[in-house]
Amino acid sequence: MHPTDLPAGVTIPERLQATLAAQRAAYHAHPVPTLGERRADLNRLQAFLRDHQHALAEAISADYGHRSTHETRLAELVPAIDGIDHVQKHLRRWMRPQRRGVDWLTFPLARNRVIPQPLGVVGVIVPWNFPVNLSFVPLTYIFAAGNRAMVKMSENSRHLAALLIEKIPAYFPPEKLQFFDETGGVGIEFSKLPFDHLLFTGSGQTGRAVMAAAAANLCPVTLELGGKAPAIVGPGFPLRTAAERILFVKCLNAGQICTTVDHVFVPEAQVAEFVRLSQAIVPPRFGRLASPDYTSIIDQRSFDRLVAALEEARERGATLVNLLPDGPAWDSATRKIAPHLVLNAPEDTALMRREIFGPILPVIPYRTLDEVIARVNAGDRPLAVYPFSRDGGFLQQVLDRIMSGGVSVNDALFHVAQHDLPFGGVGPSGMGHYHGREGFDTFSKLRPVFHQAPVSAMKFIGPPYGGFADRLLAFLIGR
């Protein structure tokens, strides 16, 4: 039975399992799509995004309460559409079998190849913060590698999920691509399915649960998590440039980005100037909290968490600097929180202990780079680190001594926007990569194939072993 023909009364696990069975059957019937078929799939992905760009932006804004249309176009549609063009340009080369070397002494005239082949059915669990980017960019690499996909949207993306579920069947049959809404318990059952690969983007806590569920099926996982990504402003770097770039990223999507700047280290003598510059930079960009260019916090729970974190820091002696001072610091009706700097926050407050995921930027003074390195390394390895310096020695110390998922030098976030760079975390900030060639490889089986020669050299070394075998092994070991 086709998964879309299932009666309404079937359970969530039954519906998910029926879709997986249909996709796996379709994979077995046609396991290796041609280059032309893969290109056609990518063209359909791109066509869907272009055809529905306005509806997608409206649905995401409805899910947020308000989301800047320009931010949706900039951070979701442009990377996905442009990324498809990048993959189309390189796909033929990525699909070619790779020739590998052979030891001619032991395997004369043999051949080795590595053939990238589709894995089968890939599951994707998508967060709410960039739901188009974080579904369609992975789908680009999943389809480029020749796979089929089931995609589970967030409970905070209900309007978008409804749009995708309604419109995607005109572009892809369900045995190729199917979206699922989170109606309660779907994510748990989804992560239990025996996919051929599972990609999860979200919090570390949920990532651990997803990985544990996948482990029961020995399902390989790519986890894109988060963490407290620091910016480090080096002595001598133009402070206004650093502040402009850091605050652009921090205010984008109201700071609700896993790779945003979580906090910034500033030379002790320059903290006051960094604050003054920040107060001059942000108001011309937004003017007021109600600006249509400024995005809401996704839901009431997240809004309450961020407000509580600000109030806790203030009660513990921190100084809060509202960067939109001509109005309220926050508005519960619209779930908007003005961009804030936080000075002198105690280390055991929520702002300093956990990923902020909002428009709040703690400013931490430092005297030596060694202090910064020690402090960052005392925590979990971050998803990104952002050094600002024109001193090669300073930058090399950061690269050598602070391990992170990725790095943007003299800016923040934009390593993620590079189509030819792999994206992924390390340790608690994630595992595995996608984007670029690494994305194609992640969703492929790089299958080693050995072609034996017409006459195998092994026939001269097999049992019963004798003097010739002794001499040959002595030669091979001694060489």
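The values are calculated or read from the model by the stated rules, or taken from the named source; none is laboratory data. Note that the coordinates shown come from a computational prediction; the quantities given were computed from them, not determined experimentally. Here Cβ is always computed from backbone atoms with ideal geometry, including for glycine, and neighbour counts include all displayed protein chains. For the accessible areas, the whole protein counts, side chains as well, though only heavy atoms, and no ligand, DNA or RNA atoms are used. Shrake-Rupley method; radii C 1.70, N 1.55, O 1.52, S 1.80 Å.
Numbers below:
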{"read-out": "Qualifying trypsin sites (Lys or Arg not before Pro) for region 239-288 [loop in DSSP, other Cβ within 10 Å: at most 13]", "value": "Arg288"}
{"read-out": "For region 422-479 and region 25-66, distance of Cα centres in Å", "value": "37"}
{"read-out": "Contact order normalised by residue count of the chain, Cα under 8 Å, 6+ apart, percent", "value": "18"}
{"read-out": "Surrounding net charge for Lys192, when Lys and Arg each add one and Asp and Glu each subtract one, Cβ distance under 14 Å", "value": "0"}
{"read-out": "Paramagnetic reach from Gln418 in region 100-142 [backbone N under 13 Å; point 7 Å along Cα→Cβ]", "value": "none"}
{"read-out": "Förster radius 45 Å - calculated FRET efficiency between Gln98 and Asn377, Cβ distance, rounded to 0.05", "value": "0.75"}
{"read-out": "Pairwise label distance in nanometres, Ile188 with Val114, each label 7 Å out on the Cα-Cβ vector", "value": "4.0"}
{"read-out": "For region 162-225 and region 258-306, distance of Cα centres in Å", "value": "33"}
{"read-out": "The chain - mean residue ellipticity at 222 nm from DSSP helices (-39,500 (n - 2.57) per run, n ≥ 4, rounded to 500)", "value": "-12500 deg cm²/dmol"}
{"read-out": "Solvent-accessible surface (1.4 angstrom probe) belonging to Leu199, in square angstrom, nearest 10", "value": "0"}
{"read-out": "Inverse mean reciprocal Cα-Cα distance (Kirkwood Rh) of region 1-147, Å", "value": "18.2"}
{"read-out": "DSSP-loop GluC sites (Glu not before Pro) across region 278-367, with at most 15 other Cβ within 10 angstrom", "value": "Glu347"}
{"read-out": "Whole-number accessible area per residue in Å² for the chain, which is evaluated in the context of all protein chains at 1.4 Å", "value": "44"}
{"read-out": "Stokes-Einstein diffusion coefficient of region 199-291, Kirkwood radius over Cα pairs, 25 °C, 0.890 mPa s, in µm²/s", "value": "156"}
{"read-out": "Extension reserve of the Asp391-His70 stretch, reckoned as 0.36 nm per residue once the Cα distance is removed", "value": "112.1 nm"}
{"read-out": "For Rg/Rh (Cα atoms, Kirkwood Rh), calculated from these coordinates, the label among (1) 0.99; (2) 1.05; (3) 0.96", "value": "(2)"}
